[in-house]
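Asks: Got a structure here, written out as C-alpha cells. Questions coming.
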Number of protein chains: 4
Amino acid sequence: MSVFSWPARVYWEDTDGGGVVYYANYLRFLERARTEWLRSLGYSQWVLAREPGIVFAVASLTVEYRRPARLDDELTITCQARADRAATIRFEQKIFRGHSPEDGPPILTAAVRVACVDAHTLKPRRLPESLMNVLISS
Amino acid sequence: MSVFSWPARVYWEDTDGGGVVYYANYLRFLERARTEWLRSLGYSQWVLAREPGIVFAVASLTVEYRRPARLDDELTITCQARADRAATIRFEQKIFRGHSPEDGPPILTAAVRVACVDAHTLKPRRLPESLMNVLISS
Amino acid sequence: MSVFSWPARVYWEDTDGGGVVYYANYLRFLERARTEWLRSLGYSQWVLAREPGIVFAVASLTVEYRRPARLDDELTITCQARADRAATIRFEQKIFRGHSPEDGPPILTAAVRVACVDAHTLKPRRLPESLMNVLISS
Amino acid sequence: MSVFSWPARVYWEDTDGGGVVYYANYLRFLERARTEWLRSLGYSQWVLAREPGIVFAVASLTVEYRRPARLDDELTITCQARADRAATIRFEQKIFRGHSPEDGPPILTAAVRVACVDAHTLKPRRLPESLMNVLISS
C-alpha cells in the first residue's frame, strides 16, 4: 500500500489566538491530501458529484494531536487508503513538519473513514468500480 | 430605516495567531446579521433557495477595520438594508463591542451590496415582491 | 455528572458545496460548547491565558458523524466533562438537531481529550484546583 | 511596479452550500498571496512578529466579486504593493481562474490597506526600512 503525500503551508487563516493551528483546521489539511490523492488517480470530486452523482462524506475519525504547527510552518500530509466494504474508504493519515515524512515524527496522526454517498439523497452508494480496483490492488 | 442588531461571541475559531479576530472572519459575523435580519422578516434562505430558487450573493463590499475584537468579546452586529434597483440590496453594517450600539464607537463598519441570483444559474433575479415592499417601506 | 448544553445555528459559513456542514466545522460547534461550559463555571479562557497562564489544547478526539446538519438548522451541543489525571479533561459531546437533546438521536457524537498546558511553553500544567474540584464533585 | 502572483486550489473547505467559494474565504486567498509576496522579499511574518515585533493588520478593504469560483478550480492571485505613508502598504489584488492572469478577466478585484503595527500594543509602527526601500524602488 503506497503512501501519498501532499504539502501545505500554515497561514494566518489556520492559526488561532494560542499562536498555533486551530484544532479543527488540521482537518482541512487532511482533506486536501485526500482530495489530491483522488485527483492523482484521475478522479475529480467536482466531476464525480455530477456523474455518477456521488460525493464522499466523512463517517468517523480519530485524531491524535502530538505537537502543534505554527505560522509559516511547511507541512507534509500523508494518506494511505484501503477499501472497507463496498461503500467506504479507510484512510490512515499523518502530518509532518517539513518537506518529508523522514524529517521527524508526525505532529498529528489520524484515521478517517469516508463513505461514498449519493450526491442528492446522501444515502450510501458503491464506490466506482475503477476506484475499488485501485484500492484493492494497491 | 430601522436598524436590526444581532449578538455574537468571539470564540477561538474566530481568532488568529495575532490574538485578535482574523480579518476574514468578521465577514462571517456580518453575514449572520444579514441572515437573521432576513429571518426576522420571515425569510429562510434555505426555503428561498428551493422556492422560488434564489440565493443572495455578495457583489461587492467595503470594510473599515477600526479596532480589533478579541477572544471572549461579546459583539453586536447591526444591519440596515435598502433596495438598490430590482435585484440588489445594499446593507450598511457595523460591529460594536458590548451588548448595544450605545456602548461605544463601532470597531468595524461595512457597506455590502448583495445581489439576488438564481440558485442554479447564478444569474440576477428580481427580489421577491414582498421583500421589495419591506425594503421600500422601511 | 450533569450535562451542559449550548445552542448553535448553522450559517452559510458552516456549510460546504455538498449542501451540509463541512466536517471540520462541527469541531467549532463542539468547542463553543466546551468554552461555554467553562464560562458557566466562572472561567474565562482569555483570563486563564494570562493568569495563571494556561490554555486548553485538544490532545485527541474521536468523532462519529451520523447525520448531516444543513443551513438554518438549529443545533444543541452537549458536553459532559470529567477529570482525567491532573492535567487533562475528558469530554463526551453530542450534537442534536433541534432545541433539546430529547428531540431525537444525536447527529454527531464525540469524545474529546483536552490537555491543560502552559500558555507560553505549551507544556502540561495541572488544572486549576478549583476547576479540578468541580470536575471531581460533579 | 511588478506584479506578484501565487496559485491556489479551491477545496471543499472553501466552498459553501451555494456550491461556490464562500465570500469571506476569498480573503484567505488574498492574504496567502500577500504573505508569499513578503516571503519572496525575504520577510517571514513569524520572524517579524518577534523581532522587530511587528505584525500587519488589515485597516480597510474593498472587494468586487465578479464571478464565482468553484470546487477544484485553480486560481491565480496577484498582488501589487506600494507604500502609503510610513506605516501602511496598499495592495491592489486580483484573482483569476486558471494558471495565469492572461487566461481571462479577473473573477475578483480588491484593494487592501494594511497597517504595520506593534505585535503587542497593536499601535502603528514604521515599516522596516529595508521593506520601505523595496516598496519605493519597485
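Asks: Among the residues of the stretch B:17-55, write down those that are of a type in the set (F, W, Y) and free of Cβ contacts under 8 Å to residues at least 24 places away in the same chain.
Replies: B:Y22, B:W46, listed by residue number.
Asks: What is the one condition in (1) at the interface with another protein chain (Cβ under 9 Å from one of its Cβ atoms); (2) closer than 22 Å to C:D72 by Cα; (3) surrounded by 15 or more Cβ atoms within 10 Å (Cβ to Cβ); (4) not aromatic (F, W, Y) that B:V114 does not satisfy?
Replies: In the conditions (1) at the interface with another protein chain (Cβ under 9 Å from one of its Cβ atoms); (2) closer than 22 Å to C:D72 by Cα; (3) surrounded by 15 or more Cβ atoms within 10 Å (Cβ to Cβ); (4) not aromatic (F, W, Y), B:V114 misses (1) alone.
Asks: Go through the stretch D:61-89 and give me each residue that's charged (D, E, K, R) and either in contact (Cβ under 8 Å) with a residue 60 or more places away in the chain or within 25 Å of D:R9 (Cα to Cα) (or both). So that I can check it myself, show each step before the final result.
Replies: Step one: of the stretch D:61-89, the residues charged (D, E, K, R) are D:64, D:66-67, D:70, D:72-74, D:82, D:84-85.
Hits for the stretch D:61-89 are D:E64, D:R66, D:R67, D:R70, D:D72, D:D73, D:E74, D:R82.
Asks: Checking A:R67 against (1) more than 10 Å from every other protein chain (Cβ to nearest Cβ); (2) out of contact with any helix residue (DSSP H, G or I) (no Cβ under 7 Å at 6 or more places or on another chain); (3) among the charged types (D, E, K, R), which single condition isn't satisfied?
Replies: If we test A:R67 against (1) more than 10 Å from every other protein chain (Cβ to nearest Cβ); (2) out of contact with any helix residue (DSSP H, G or I) (no Cβ under 7 Å at 6 or more places or on another chain); (3) among the charged types (D, E, K, R), just (1) comes out false.
Asks: Give the residue that is nearest to B:G19 (Cα to Cα), with candidates limited to residues of the stretch C:17-55 that are at the interface with chain D (Cβ under 9 Å from one of its Cβ atoms) and touching a Lys or Arg at 6+ places or on another chain (Cβ under 6 Å).
Replies: Filtering first and then ranking leaves C:A24.
Asks: If you don't mind, there's one more thing I want to ask. Taking the residues in the stretch B:83-103 that are among the charged types (D, E, K, R) and surrounded by 17 or more Cβ atoms within 10 Å (Cβ to Cβ) as candidates, determine which candidate is nearest to B:D118 (Cα to Cα).
Replies: Ranking the candidates gives B:R90 first.
Asks: Do we have C:E74 as surrounded by fewer than 16 Cβ atoms within 10 Å (Cβ to Cβ) and within 30 Å of B:Y43 (Cβ to Cβ) here?
Replies: Yes.
Asks: If we keep just the residues of the stretch B:1-11 that are of a type outside the set (F, W, Y) and facing another protein chain (nearest Cβ under 10 Å), which is farthest from A:R28 (Cα to Cα)?
Replies: Only one residue tops the list, namely B:R9.
Asks: Follow-up question, since we're still on this one. Would you call A:T78 away from every other protein chain (no Cβ under 11 Å) and touching a strand residue (DSSP E or B) at 6+ places or on another chain (Cβ under 6 Å)?
Replies: Criteria met by A:T78.
Asks: Out of C:D84, C:D14, which single residue is acidic (D, E), in contact with a strand residue (DSSP E or B) (Cβ under 6 Å, 6 or more places away or on another chain) and within 11 Å of another protein chain (Cβ to nearest Cβ)? Lay out the reasoning, then the answer.
Replies: Numbers: C:D84 fails: within 11 Å of another protein chain (Cβ to nearest Cβ).
So the residue among C:D84, C:D14 that is acidic (D, E), in contact with a strand residue (DSSP E or B) (Cβ under 6 Å, 6 or more places away or on another chain) and within 11 Å of another protein chain (Cβ to nearest Cβ) is C:D14.
Asks: Determine, yes or no, whether B:R82 is of a type in the set (K, R) and within 29 Å of A:R28 (Cα to Cα).
Replies: Working: of a type in the set (K, R): yes; within 29 Å of A:R28 (Cα to Cα): no.
No.
Asks: Within the stretch B:15-29, how many residues are in contact with a Leu (Cβ under 8 Å, 6 or more places away or on another chain) and either under 19 Å from C:L30 (Cα atoms) or assigned to a helix (DSSP H, G or I) (or both)?
Replies: 6
Asks: Another question about this same structure. Looking only at the stretch B:117-138, count every residue that is more than 14 Å from every other protein chain (Cβ to nearest Cβ) and surrounded by fewer than 20 Cβ atoms within 10 Å (Cβ to Cβ) and tell me the total.
Replies: Going through the stretch B:117-138 one residue at a time, the tally reaches 11.
Asks: I'm trying to understand the selection: among the residues of the stretch C:66-104, which are touching a Pro at 6+ places or on another chain (Cβ under 9 Å) and under 13 Å from C:L135 (Cβ atoms)?
Replies: C:A86, C:A87, C:T88
Asks: Here is a list of conditions, (1) in contact (Cβ under 8 Å) with a residue 24 or more places away in the chain; (2) over 12 Å from the mean Cα position of the chain (by Cα); (3) within 7 Å of another protein chain (Cβ to nearest Cβ), and C:V58 meets all of them except one; can you say which number that is?
Replies: Unmet condition: (2).
Asks: I need the full set of residues from the stretch B:18-38 which are hydrophobic (A, V, I, L, M, F, W, C) and closer than 11 Å to B:L108 by Cβ, in order please.
Replies: Within the stretch B:18-38, B:V21, B:L27, B:F29, B:L30 meet the criteria.
Bear in mind these aren't lab numbers, they're just calculated from the coordinates by the rules spelled out. The shown structure was predicted, so the numbers you read here are calculated from the model rather than taken from an experiment. Every residue, glycine as well, gets a Cβ built from its backbone with ideal geometry; the counts of neighbours run over all protein chains shown.
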